[in-house]
There are 2 protein chains.
Amino acid sequence: MRSALEDDVLARIRPGPEEHARLSDTAAELVAAVDRSGKARGMVVGSVARDTWISGDRDLDIFMLFDPSLPRETLEADGLSLGRSIAKGFGGTWREKYAEHPYINAQIRDLDVDLVPCYAVADATRIQSAVDRTPFHTRYISARIGDLTGDVLLLKQFAKCGGVYGSDQMTAGFSGYLCELLVIHYGGFSPLLSAAAGWRPGTLIDIGGHRSRDFPEPLIVVDPVDPGRNVAASLSVSQMFGFVELSRGYLESPSPLFFEPGDSHVFSREDLARVLSARGTSLHAIGFPTPPYIEDIVVPQLRKSLDAIGALLARNGFVVNRADCIMLPDRCTLLFELLNEETPDVVRHRGPPLWTRENAEKFFRKYVPPPGSLYSGPFIENGCYCVEIRRKYTNAGDLLGSPEVAGVALGKHVKPVLASGRTLDSGEACWNSGIAAFLGRFFRAASPLARIRERESRTDSP
Amino acid sequence: MRSALEDDVLARIRPGPEEHARLSDTAAELVAAVDRSGKARGMVVGSVARDTWISGDRDLDIFMLFDPSLPRETLEADGLSLGRSIAKGFGGTWREKYAEHPYINAQIRDLDVDLVPCYAVADATRIQSAVDRTPFHTRYISARIGDLTGDVLLLKQFAKCGGVYGSDQMTAGFSGYLCELLVIHYGGFSPLLSAAAGWRPGTLIDIGGHRSRDFPEPLIVVDPVDPGRNVAASLSVSQMFGFVELSRGYLESPSPLFFEPGDSHVFSREDLARVLSARGTSLHAIGFPTPPYIEDIVVPQLRKSLDAIGALLARNGFVVNRADCIMLPDRCTLLFELLNEETPDVVRHRGPPLWTRENAEKFFRKYVPPPGSLYSGPFIENGCYCVEIRRKYTNAGDLLGSPEVAGVALGKHVKPVLASGRTLDSGEACWNSGIAAFLGRFFRAASPLARIRERESRTDSP
């Protein structure tokens, strides 16, 4: 049922016996080390546990399951200390990292190993933090994956190269666990693609047949180990349909490009200048130091800030064509492309309806025009007062450089860094090497399938 | 109960005995002439019949009441012929005019006399055309006006000088009959103003207590001679509240200016240039010959055209700040003030959602970008396709000068004249002496009270 093309891809991406043995052996040794400590039980989770890792992946997830009666603080302290001693025992380097609670990230034998403490709860619905659920996922998938591991590998590679793999905030795509569930549910890579081609918002997959509530998301895959959780909760409607589009495109005309990562264009300062002049728009980039929190916390705040500053621009007569944000390790950027850089002096100011007498009379007294005014009003429009006044900012750059920006609803951690130390660049001066790739994606925005077709046309042409 | 100020005003505007006798005598002679013809019965209607005309008014309305069993054609032919012979008999000049049906407008002894044929129906609810109702109005008011004629005169002068008198399409204000009913209902000029100060949309006055249906208008004054008719149907919400505002302003600080017509400003070409430069906006005027129909037919079509062209501008990326129209005897003008005269090359074009597979695939195939395109797309936004394309018109003047204008939903009679013979002026070239007053009102838009306060401040200052 697999095509020759898919067999070729699989042969390339499935780890060979040597790679397989090396990873499995190290994983087993690490688990044994956790067990030997007597403090917790070790367990391999993630793609290594399920034989669904792609050749070349270097990520290994080892969970350390502690007694659920331990206080949280003890779990965190013991977990970190055990993780550190294991990393040390294997001759690795390590650092502490933080998600819902702290864990150890170590470099061991050329692998990126996460040593994560969690509670060994009896039932996935009684977890104390999100990581406690992971062992249940591993057990569920391991028991059912059977000979579908190849199909999972194909799907992950397909989703990755299409730009829809990853459940982080920036990507808002498909997680590894979601890929595994989908392959199991539909019985393989090809049947999944055929089904996905016809997906609609609200598609519901309830493998366990035990859904306990409604979900608002466009794709609902009820977690078979937790009836109140949607595994696809972080998948955006656009990424969901990016996958739908890829499925349709691949079914219509399969090509190896669907399984090959795209070459990342270089987007130079000259490219930016050329694009801006062709578009006739204006561009502003607000930059500031990245707040010291994880992406899942910062990125939603960047989006919120983007919306709030976009609304500020709109209120002041500037039309936002597109806007986007990026969080890089050191610096965040909010990017605004505007249809107009200047707006006229005059602005209408709507007042109250005349039947709210007190408000109306107050408005009238406030806006009696100065003698010789060249603006209109107060006049009556649809029964409401209206007056024309002089705009405070007629230039978008002036507004974005003003203190007004710090006064809108920015995210909690974004507000201080943006208020105290932001930069504002405009036009082609927005370009710097750090955000060149981001600018390239912004100005060459394309759906996953459009990117692949574009690569095909470049490959076909002489 | 009348103030000294109001007594002074009344002494000025109430016709003296000589003027009164002259008008009444001529009216009586005209009625007698109709009666003598044996074809119809004569009747004085309008303000002369009710003693509510303002000194200096030259309008006299004589109705010729025909047998309701006559066919419409006979009524029209006989009505015109009788009107002509009467005008001739009085040594006047005359012409035919058309409302719902034709009538004679004559100049007789320095008066503007309308000789209007109608049916002498038995009951106002069984009229055959709107004019048949007028005699009932006259009888109703004459029987009840008593000693309130002075209050009606004050109200008419107040409404006229405030710019809210007249039920024609351009004014959308208060008719004479409406003024009379309001004075009768509230028992005088002052009590009416006190009540009006608190009016809200949906205010209902049903003098006859016989309303037979709901009315959508903001002020509802049920016709005492017809339960299914709102006498205030043509009053706009803005003019209604213009009157409300004047009432509040007059009650708070009365002044003779409320009863004096405003001096009409001269608005010169230099004024226009100065205003446009202060506002930073752009201005376009579309002009064309006035279609040969009455104002009540043409003006709604001008408004419709204004909306349709405004929507065309908005669709093409131009922001309309204000727009207005005017119908003059020879020429009509549609005026558009824009916040932007230019708009960027790039425009977003929204496509279908990806879950409508056939449409989505069609859209994708249609908008595959040409190689080297500097625009984005097709990309996915909220699950829908979106693509950026090049705008057809980036200059508002180019768009307004293009054939697109004739393609939008213009009024039936406006369409041919606008399509075949329109002119387009821009900036200060929009000015010509014919529309100078209209431009002045447009750029010095002010509520009725704001105009009076402005005149007060000019009177007060040295």
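Numbers for the structure displayed
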item	result
Selection count where residues are within 14 Å of chain B (Cβ to nearest Cβ) and open to solvent by less than 30 Å² (accessible area, probe 1.4 Å), scope segment A:274-300	7
Residues of segment A:102-139 that turn out to be touching a Gly at 6+ places or on another chain (Cβ under 8 Å) and over 16 Å from A:Ile62 (Cβ atoms), as a count	1
Candidates A:Arg14, A:Arg50, A:Arg72 - the one that is touching a helix residue (DSSP H, G or I) at 6+ places or on another chain (Cβ under 7 Å), of a type outside the set (Val, Ile, Thr) and open to solvent by 50 Å² or more (accessible area, probe 1.4 Å)	A:Arg14
Matching option when the condition is within 24 Å of A:Leu181 (Cβ to Cβ) and either assigned to a loop (DSSP other than H, G, I, E, B) or over 32 Å from the mean Cα position of the chain (by Cα) (or both), among A:Asp51, A:Asp25	A:Asp51
Residue satisfying all of: in segment A:144-179; of a type in the set (Asp, Glu) and in a helix (DSSP H, G or I); surrounded by the most Cβ atoms within 10 Å (Cβ to Cβ) among these	A:Asp151
Segment A:348-359, residues that are crowded, with 20+ Cβ neighbours inside 10 Å and more than 17 Å from B:Ser236 (Cβ to Cβ)	A:Gly351
B:Gly202 being open to solvent by 40 Å² or more (accessible area, probe 1.4 Å) and at pLDDT 95 or above	yes
Boolean, A:Arg211 is under 21 Å from A:Arg139 (Cβ atoms) and either within 23 Å of the chain's Cα centre (by Cα) or among the charged types (D, E, K, R) (or both)	yes
Test result for A:Val320, open to solvent by 20 Å² or more (accessible area, probe 1.4 Å), closer than 30 Å to B:Glu217 by Cα and not charged (D, E, K, R)	no
Leading residue by the ranking (farthest from A:Tyr177 (Cα to Cα)) among those in segment A:230-273 that are among the acidic types (Asp, Glu) and surrounded by fewer than 22 Cβ atoms within 10 Å (Cβ to Cβ)	A:Glu270
Scan of segment B:98-129 for residues that are open to solvent by 20 Å² or more (accessible area, probe 1.4 Å), among the hydroxyl-bearing types (Ser, Thr, Tyr) and in a strand (DSSP E or B), ordered by number	B:Tyr98, B:Tyr103
Single residue of B:Gly188, B:Gly208 found to be open to solvent by less than 50 Å² (accessible area, probe 1.4 Å), more than 14 Å from every other protein chain (Cβ to nearest Cβ), modelled with pLDDT under 95 and closer than 20 Å to B:Pro224 by Cα	B:Gly208
Residues of segment B:248-273 classified as more than 14 Å from every other protein chain (Cβ to nearest Cβ), within 30 Å of B:Arg200 (Cα to Cα) and among the hydroxyl-bearing types (Ser, Thr, Tyr), total	1
Extreme residue, most open to solvent (accessible area, probe 1.4 Å), among residues of segment B:383-415 that are within 45 Å of the chain's Cα centre (by Cα) and over 29 Å from B:Gln301 (Cα atoms)	B:Arg390
Residue in segment B:446-462 that is most open to solvent (accessible area, probe 1.4 Å), counting only those that are outside any helix (DSSP H, G or I) and free of Cβ contacts under 8 Å to residues at least 60 places away in the same chain	B:Pro462
Residue list for segment A:309-341, restricted to those being within 22 Å of A:Arg390 (Cβ to Cβ) and part of a strand (DSSP E or B)	A:Leu338
Residue pairs meeting the criteria (Cβ under 7 Å; at least 6 apart or on separate chains; first over 30 Å from B:Thr74 (Cα atoms), in segment B:122-150; second open to solvent by 30 Å² or more (accessible area, probe 1.4 Å) and of a type in the set (A, V, I, L, M, F, W, C))	B:Ser142/B:Ala49; B:Arg144/B:Ile184; B:Ile145/B:Ile184; B:Leu148/B:Ile184
Pairs, first free of Cβ contacts under 8 Å to residues at least 12 places away in the same chain in segment B:152-169, second part of a loop (DSSP other than H, G, I, E, B), C-beta under 9 Å, six or more apart	B:Gly166/B:Ala172; B:Gly166/B:Gly173; B:Gly166/B:Ser175
In segment B:75-97, the residues that are without any contact (Cβ under 8 Å) to a residue 40 or more places away in the chain, open to solvent by less than 10 Å² (accessible area, probe 1.4 Å) and touching a Pro at 6+ places or on another chain (Cβ under 9 Å)	B:Gly79, B:Gly83
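The values are calculated or read from the model by the stated rules, or taken from the named source; none is laboratory data. Please read all numbers here as calculations on a predicted model, not as lab measurements. All Cβ positions, glycine included, derive from the backbone under ideal geometry; neighbour counts span all protein chains shown. Please note that ligands, DNA and RNA were not included when accessible areas were found on the heavy atoms of the full protein model with its side chains. Shrake-Rupley method; radii C 1.70, N 1.55, O 1.52, S 1.80 Å.
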